[in-house]
1. Hey, can you grab everything whose amide H is under 5 Å from the amide H of Gln21? Only 5+ residues off in sequence or another chain; H modelled, so Pro and N-termini drop out.
2. Using a cut-off of 17 Å between alpha-carbon atoms, which lysines can reach Lys24, once sequence neighbours fewer than 8 places away in the same chain are excluded?
3. Looking at the square roots a ≥ b ≥ c of the eigenvalues of the Cα gyration tensor of the stretch 41-90, which shape do they give, rounded for a/c under 1.5, prolate if a/b is larger than b/c, or oblate?
4. Counting other Cβ atoms within 10 Å of each Cβ, which trypsin sites (Lys or Arg not before Pro) in the stretch 56-85 have at most 15 and sit in a DSSP loop?
5. Add -39500 (n - 2.57) for each DSSP H run of 4 or more in the chain, then divide by its residues: what number comes out at 222 nm, to the nearest 500 deg cm²/dmol?
6. Regarding the chain, what is the average projected area of its C-alpha convex hull, in nm²?
7. In whole Hz, what ³J(HN,Hα) sequence does the stretch 10-27 give by Karplus (6.51, -1.76, 1.60; θ = phi - 60°), x for Gly and Pro?
8. Calculated FRET efficiency, Phe75 and Glu16, Cβ-Cβ r, R0 25 Å, to nearest 0.05?
Amino acid sequence: MANIGPVGKVMFRQKEREDPQCSKCQDEETNMHVAQCRGADSDDVFKTTMEGVDEWLKQSPKQMAIAIRELILAFREAREPIWTKLMTKE
Ligand SMILES: [Zn+2]
């Protein structure tokens, strides 16, 4: 997150914004919130980002790619990873 600028919570604390809310959903904008926001077009942004991640994962061993992808999706969806997906042998 550091390469795209501070989140609303930080900008508000630094008096660079008038409020700490996310512009897409009005929850407090923290680093975690940016990855998990479900407001406005955030699903489209996440999908586009995952296309880049999937392209990068093609260089990884298949099972490692499956595990990384599952961990990212679990974080995005604020849920426990499906551990059996990570443990499956080819
Ligand atoms: Zn939001």
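Where a number appears in this text, it was derived from the coordinates with a stated rule and is not lab data. Everything numeric in this text was worked out from a predicted model, so none of it was measured. Because the Cβ atoms are built from the backbone with ideal geometry, glycine has one as well, and the counts that use them run over all protein chains shown.
1. The answer is Glu29.
2. Lys9, Lys47
3. Numbers: a/c = 3.82, a/b = 1.28, b/c = 2.98.
In terms of gyration-tensor shape, oblate.
4. On the way: sites: Lys58, Lys62, Arg69, Arg76, Arg79, Lys85; in loops: Lys58, Arg79.
Qualifying residues, ordered by number: Lys58, Arg79.
5. Values: 5 runs with 48 residues, N = 90.
Per the formula, -15500 deg cm²/dmol.
6. On the way: hull surface 27.0 nm².
One quarter of the hull surface, i.e. the mean projection, equals 6.7 nm².
7. After applying 6.51 cos²θ - 1.76 cosθ + 1.60, I find 6, 5, 5, 4, 8, 6, 9, 9, 7, 8, x, 6, 5, 6, 8, 9, 6, 6 Hz.
8. On the way: r = 27 Å, r/R0 = 1.09.
In this case the efficiency is close to 0.40.
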